[in-house]
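Novice: Mind looking over this structure? Questions follow.
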Amino acid sequence: MTIHEERPSRSQLLVILSGRLDTVNSPFFERKMKQWGSEILEVTLDFADVSFVSSMGLRVLLQIQKAMKERNGKLIVRNINDAVKEVFEMTGFIKLFVKEEKLVIIRKDEAAEGITLSLAGQINGSTVSILENELRQLEGENTGISLDFEKVTLLSTGAARAIRVLLKEPVWEKRKVVIRSAGGDVLEKLRREGVEALSGEGAMTEKDLPPP
């Protein structure tokens with residue numbers, strides 16, 4: 001396993017993992033974790049190149065989450081592939097984030113359909129920035145983007161408005177951004193902010209947003 005660290009700011013840490021987070025590699029990851037320092041208040045783990053997570057790896061991840069919670073910080077896990085996502089769902093790891101009102105974003109790159117961001121949890125004033133940051137990283141990508149709202153349990157009015165404002169920026173004018181699987185109160189709030197439904201499946205797109 002390889003671990004690459006970046007410091008976007010003094011209190012933020014981005015950790016890009018590659019390989020297997022198994023019984024052999026988990027102790028190494030745990031030692032690295034203890035070197036990060038108490039000034040870190042936000043840890044983002046990028047799992048795009050992680051092929052396997054064992055029970056030992058999950059234990060280390062839970063330790064990171066506990067440490068961040070004790071200092072009122074947050075842990076963000078992104079870019080989980082299907083194999084790792086299955087382990088997370090079977091063990092309830094994703095539900096743990098949702099229970100604590102976190103927002104989990106899983107990125108999936110598909111050649112034919114572009115990039116899909118699957119959202120799970122609550123999108124409100126404290127978590128909408130996670131989605132905004134993820135979209136900022138995709139501004140230079142020359143492909144369509146789908147936002148899957150199926151597992152979003154709450155969308156605040158302010159967050160819905162922030163998403164609308166973001167998608168009205170010039171950088172997205174020629175990009176296809178589709179919102180899928182939004183339903184109930186989430187769909188209602190998106191419509192209330194001027195997003196029109198495209199189909200019976202509840203898909204919506206930035207191009208249908210009315211002018212401000």
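Novice: Tabulate in residue order the Karplus-calculated ³J(HN,Hα) for the stretch 116-125, using 6.51 cos²θ - 1.76 cosθ + 1.60 with θ = phi - 60°, rounded to whole Hz; enter x for Gly and Pro.
Specialist: 10, 10, 8, 9, 9, x, 10, 10, 9, x
Novice: What FRET efficiency, computed as 1/(1 + (r/R0)^6) with R0 = 30 Å and r the Cβ-Cβ distance, is obtained for residue 188 and residue 90, rounded to the nearest 0.05?
Specialist: Step by step, r from the Cβ atoms, then E = 0.40.
Novice: Please give the calculated 222 nm ellipticity per residue for the chain, where each DSSP H segment of at least 4 residues contributes -39500 (n - 2.57) and the sum is spread over every residue; nearest 500 deg cm²/dmol?
Specialist: That comes out to -10000 deg cm²/dmol.
Novice: Ranking request for peptides 125-136, 23-34: highest mean number of other beta-carbon atoms within 10 Å first, then the rest in descending order.
Specialist: Top of the packing list down: 125-136, 23-34.
Novice: For residue 153 and residue 9, compute 0.36 nm times the residue count separating them, minus their Cα-Cα distance, and round to one decimal in nm.
Specialist: 48.8 nm
Novice: Compute the distance from the alpha-carbon center of the stretch 125-162 to that of the stretch 1-65, in whole Å.
Specialist: 24 Å
Novice: Amide H of residue 146: which non-local residues (sequence gap of 5 or more, or other chain) have their own amide H closer than 5 Å, using H built in the peptide plane?
Specialist: Residues meeting the criterion, in which the H sits 1.01 Å from N, are 115, 116, 117, 178.
Novice: Follow-up. Once amide H atoms are placed 1.01 Å from N in the peptide plane, what residues at a sequence separation of 5 or more from residue 52, or on another chain, have their amide H within under 5 Å of its amide H?
Specialist: 21
Novice: Further, regarding this structure: Distance cut-off 28 Å, Cα to Cα: go down the list 69/189; 32/176; 151/176; 32/74; 69/176 and report the pairs above it.
Specialist: 69/189; 32/176; 69/176
Values in this text are rule-based calculations from the coordinates and carry no lab data. Note that the coordinates shown come from a computational prediction; the quantities given were computed from them, not determined experimentally. Heads up, the Cβs are rebuilt from the backbone with ideal geometry, glycines too, and the neighbour counts pull from every protein chain shown.
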